[in-house]
Amino acid sequence: MGIDYTLGDLIADSHLNLKLLTGSAETLASPLYGAHSIEIENPSRWLDPGWLMLTMGIRLRQRPSEQRQLIKDLQALGATALGFGVGVAFKTVPPALLEEAAARNFPVIMVPVDTQFHEISRLVFQATVSSEAQTYTRLMSLQQNMMRGFADPDPIESTLRRLARFANVVAAVVGTDGTVHASTGTLPYQEIAGKLVDRPLRAAPWPSTTGRSFLPRLALGRRVNQFL
């Protein structure tokens, strides 16, 4: 599934008047999962990867080494970007912070004094909640579709067909000896089987109500998927 909300989407919201000061075009495609305002030391303790940190830099005045360290810490954490509010503690984003960010290709966004941090946080929250709801709906649809396949006369074949249509791929169940138990198309079965031999499958049988054991074959299908 693709990324639903990115740093570029946030900056493109014209009413926020955000300005990207450092970072390449590729960084605009970075996923954005949340935004949090932090003014205390060790901010990475309160932030998750993929999040935007918002700060006015109150504790960073006349501390260029700490400004640089903030960028290093955020990049090590995997934060998406830093939003720096100007007009309160700083008139502009401090040079040392920008130099470190530019050297590391880490995105720094200038937040004008008229843009409230809570506006940014609310916008990101609403966008990500909407994305998660869409993802949940798609997952539920896939699960229900797969479960219906098990009610068909040949559940393995039916489930493979449904999976192939959903993901637009060739799906197959292949034994470690290269035997094709079921398939929706052509695959390099012997090559796949060779890899499975190198990494033997361990799965205990799970008899169904019909007395047939489906678990080893389904588990094997998951291992095959690693080589598609």
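Taking the stretch 11-46 as the search range and keeping residues that are assigned to a helix (DSSP H, G or I) and out of contact with any Ser or Thr (no Cβ under 9 Å at 6 or more places or on another chain), which one is nearest to Ala76 (Cα to Cα)? Don't jump to the end; show me each part of the working.
Going through the stretch 11-46, the residues assigned to a helix (DSSP H, G or I) turn out to be 11, 14-16, 25-29, 43-46.
When the remaining residues are screened for being out of contact with any Ser or Thr (no Cβ under 9 Å at 6 or more places or on another chain), the result is 11, 14, 25-26, 44-46.
Values: Ile11: 23, Ser14: 30, Ala25: 20, Glu26: 18, Ser44: 9, Arg45: 12, Trp46: 14 Å.
If we take residues in the stretch 11-46 being assigned to a helix (DSSP H, G or I) and out of contact with any Ser or Thr (no Cβ under 9 Å at 6 or more places or on another chain), then Ser44 is nearest to Ala76 (Cα to Cα).
Quick check on my filter: what residues within the stretch 67-98 are part of a loop (DSSP other than H, G, I, E, B) and within 27 Å of the chain's Cα centre (by Cα)?
Matches in the stretch 67-98: Gly78, Ala79, Thr80.
Might you let me know whether the stretch 64-80 holds any residue that is without any contact (Cβ under 8 Å) to a residue 12 or more places away in the chain, more than 22 Å from Glu119 (Cβ to Cβ), surrounded by 13 or more Cβ atoms within 10 Å (Cβ to Cβ) and touching a helix residue (DSSP H, G or I) at 6+ places or on another chain (Cβ under 8 Å)?
Yes, because at least one residue in the stretch 64-80 is without any contact (Cβ under 8 Å) to a residue 12 or more places away in the chain, more than 22 Å from Glu119 (Cβ to Cβ), surrounded by 13 or more Cβ atoms within 10 Å (Cβ to Cβ) and touching a helix residue (DSSP H, G or I) at 6+ places or on another chain (Cβ under 8 Å).
Return yes when Arg104 is touching a Lys or Arg at 6+ places or on another chain (Cβ under 9 Å), open to solvent by 60 Å² or more (accessible area, probe 1.4 Å) and not aromatic (Phe, Trp, Tyr) and no when it is not.
Considered against the rule, which asks whether it is touching a Lys or Arg at 6+ places or on another chain (Cβ under 9 Å), open to solvent by 60 Å² or more (accessible area, probe 1.4 Å) and not aromatic (Phe, Trp, Tyr), Arg104 comes out as yes.
Here are Ala127, Ala101: which of them is closer than 20 Å to Gly8 by Cβ, touching a strand residue (DSSP E or B) at 6+ places or on another chain (Cβ under 9 Å) and not in a strand (DSSP E or B)?
Checking each option against the conditions leaves just Ala101.
Cβ-Cβ below 7 Å, separation at least six or inter-chain, first residue in the stretch 147-161 and part of a helix (DSSP H, G or I), second among the polar types (S, T, N, Q): which pairs?
Gly149/Ser158; Gly149/Thr159; Leu160/Thr184; Arg161/Thr184
The values are calculated or read from the model by the stated rules, or taken from the named source; none is laboratory data. Not measured: the values here are computed from a predicted model. We place every Cβ from the backbone using ideal geometry, glycine too, and count neighbours over all the protein chains shown. The accessibility values were calculated without ligands, DNA or RNA, using every heavy atom of the protein model including side chains. Shrake-Rupley method; radii C 1.70, N 1.55, O 1.52, S 1.80 Å.
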